[in-house]
Each structure stands twice: as structure tokens, then as C-alpha cells.
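The values are calculated or read from the model by the stated rules, or taken from the named source; none is laboratory data. Quick caveat: nothing in here was measured; it's all calculated off a predicted structure. Note that each Cβ is placed from the backbone with ideal geometry, even for glycine, and that neighbours are counted across all protein chains shown. All accessible areas refer to the heavy atoms of the entire protein, side chains included, with ligands and DNA or RNA removed. Shrake-Rupley method; radii C 1.70, N 1.55, O 1.52, S 1.80 Å.
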Amino acid sequence: MATSSYKRLGDQAFSKVEHINSELFMLTYGALVAQVVKDSEDAAEANRQLDQMGYNIGVRLVDEFLARSGIGKISTFRETAEIIAKVGFKMFLNVIATVGNWSGDKEYSLLFDENPLAEFVELPRDDATKALFYSNLLCGVLRGALESVSAPFHVYFFYTLLLLIRFYFIYLFICFIYSLRCSSLLV
Amino acid sequence: MIYNLYVFDRAGTCLYYADWHRRNKSENLEGEFKLVYGMLFLLKRFLTATSPSQDGDGSFDHFLTDTYRLHYFESATGVKFCLLSHPSVPDLRDHLLGIYQAMVDTVVKNPLYKLGDPIECSLFKERVDQLISSHPRFAQ
């Protein structure tokens, strides 16, 4: 299926769901992250918590996504990438990602122009937040959603000037976890 | 005539069962759920194995017997919906999708519901009953 038809599907799906105020959503998410950081001992723990929360959301979100968008069984991994980028993110967060940086057929990146969760956010450069992945909930959501549909995935944040989410498709082996520092410009 | 509905999850647990016009009620429902799920599982494997083309994934739309037609829908997450109806009732796929949507709205989004548990939500039951009884061939 062509990318343009996925875009159209994404727009259709977006028009079918209930909308809420995006600023309210961002502020609520910010409050959530602030609380998680306060409750955690260090940034790694906070990242883990956010990922776990995202995972719990993802396993339920995927059913809503499939029911509303009407997407059936997907045959290839490449197609799932396109569907997540164009339909999934459009439907729930009203942003579109680009799929890129394919490494073999098992690993790819999602690139965003703007972070839908972090428009008003600035992270202080102290120990608690230096290694924090602010939007790690998104990784958890993707991980949970994909796990419900097929084999387990490894999803993590990889920063450059744009926002990237990198996927690893794992069969039976565990991939290394890369921890990356994030500067106060990138959240 | 629409006889009954089974909803199974990925692991084979029967999440929901409802019947409307079933004449011979089964005494051992638990055994029956295992039987139906086992049949669906084996049928899908059989269909993949005997498919003449490479990309068969064992999905089917419905099957027809002398006394009923079983309409089937499986979501990508492995949730299976089966509706049994009189053989003359044509496609019920829209209703199966409607039941899936009802499940998403009332069950999956319920934070107190643990995934994999049998569905006990009265709102879901109402929506399913409403959806099925609105079919023109519901009672005859």
C-alpha cells in the first residue's frame, strides 16, 4: 500500500476519534513525568517507569487502533513501520512521522519534526534529569502495541537534532540497551 | 436466526459467551469453549497447510454446515469472534466488527479490567444484545 493512502487512512481515522485540547494533554503529561521523576531514585528508574506505563497503555491502545482504523493483518515489517508512522501517530497524536534509517530489514527509525508531548518543556540540567528520556512513554506504548500483535520489539530513544525512535525487532536474543545523554534542547 | 456468540482471546480463554435462540443448551459450557477454540486453532493450521498459495495465513470468513453458519473474525491482536447463525443468514462481518468496537469501547478501555479475564461488563452485554437484535434476521 502506498504511503499516500496510509496518510489518507490516518486522516480519516483522526477525524473519527474524539479530540481533546493538545495543550491540556501536554501539561498533564508534563505533570506525570514530574511526579515520576520525583518518585524515582535516578533517571534510569524514571525511564523504566515511563516505559512500563507506556507498555500498559500500548497493549490496550492497539485494539482501539485496529478497531477504528480497520487495518487487518499486516504481512511485512516494513508495512507496520509505515502504518505506525502515518496512521497510528496521526490518529492519536495528530503528528506524522517519517520512517527512515533502515538497517537490514529488522531495524528502523521514526523521525519526528516536532515532539507532540514536549512543546513547552525545558529540562533542567541536574543529575535527576540528565539521562531522562522525557517521552519514553511513547516507546513503551509502541513496545506494548507491537508485542500484542506479533513478536517482541525493542524500542528506545536515540537522539540527534531531530527526534528519533529506533526499533529493533528481536526474535530470541536481547539487544543491547543504549543509554544516551540528552541535552536541555532535546526532550 | 442468530444463535450464539463466542469471544476468545489470544491464549484460548473464552472471554464472552452469549446465546439467544439456542435450542439445545449444553450442560458443560467450559468443555464446549475448549472444543470450539481447539477447532478454530486446528482449522487455521489446517488451512495454512493446505493453502495452494504461499501467503495463506489461515484466516477464513465463515464456514457452513447443515444446521448453522459460523461467522468468524480475528483481530490482529488474536481476539477471535464467532457468531453462529442459521445457514441462510448471509454475511455478518459488520456485526462482528461492531462487537469488536463495542469491546474496545467498554472493556479494553476500562482500567479496572484485566486483559485476559472473562468479560463481565453489563455495558458490553447491552451493546452486543442491541447490535445483534437489530439484525433483520435475528428472530427468524
Linear extension gain, B:Leu112 paired with B:Thr13, 0.36 nm per residue minus alpha-carbon span: 33.8 nm
Length-normalised contact order of chain B, Cα under 8 Å, at least 6 apart, in percent, tallies to 27
Highest GNM mean-square fluctuation, chain B, Cα pairs closer than 10 Å: which of B:Lys80, B:Lys25, B:Lys125? B:Lys25
Calculate the spin-label point distance for B:Asp105 paired with A:Ala44, positioning each point 7 Å from the Cα along the beta-carbon direction, and give it in nanometres. 4.6
Full extension from A:Arg8 to A:Thr98: what is 0.36 nm times the residue separation minus their Cα-Cα distance, to one decimal in nm? 30.9 nm
Restricting to lysines and to Cα separations under 24 Å from A:Lys7, and discarding same-chain partners fewer than 8 apart, the set is A:Lys16, A:Lys73, A:Lys86, A:Lys90, A:Lys106
Mean Kyte-Doolittle hydropathy of -1.0 or higher plus an axial Cα length of 20 Å or more: which whole DSSP H helices in chain B meet both? B:29-50
Hey, can you find the accessible area per residue of segment B:5-140 for me, probe 1.4 Å, expressed in square angstrom? 56
Rounded to whole Hz, the Karplus (6.51, -1.76, 1.60) HN-Hα couplings of segment A:134-149, x for glycine and proline: 4, 9, 4, 4, 4, 4, x, 4, 5, 4, x, 5, 5, 5, 6, 9
Taking amide hydrogens as modeled 1.01 Å from N in the peptide plane, which residues meet the under 5 Å criterion relative to B:Tyr16, leaving out close sequence neighbours? B:Val7, B:Ile119
Cα-based convex hull, chain B, per residue volume (Å³, whole number): 120
Applying 1/(1 + (r/R0)^6) with R0 = 22 Å to the Cβ-Cβ distance of B:Leu35 and B:His86, what FRET efficiency is obtained, to the nearest 0.05? 0.55
Listing of segment B:81-114 residues, each with accessible area lower by at least 30 Å² in the full protein assembly than in the chain alone (probe 1.4 Å): B:Tyr100, B:Gln101, B:Val104, B:Val108, B:Lys109
Modelled label reach - B:Gln130, point 7 Å along Cα→Cβ, segment B:94-111 residues with backbone N closer than 19 Å: B:94-110
Between chains A and B, what is the buried accessible area in Å², counting both sides, with a 1.4 Å probe and ligands, DNA and RNA left out, to the nearest 100? 1300
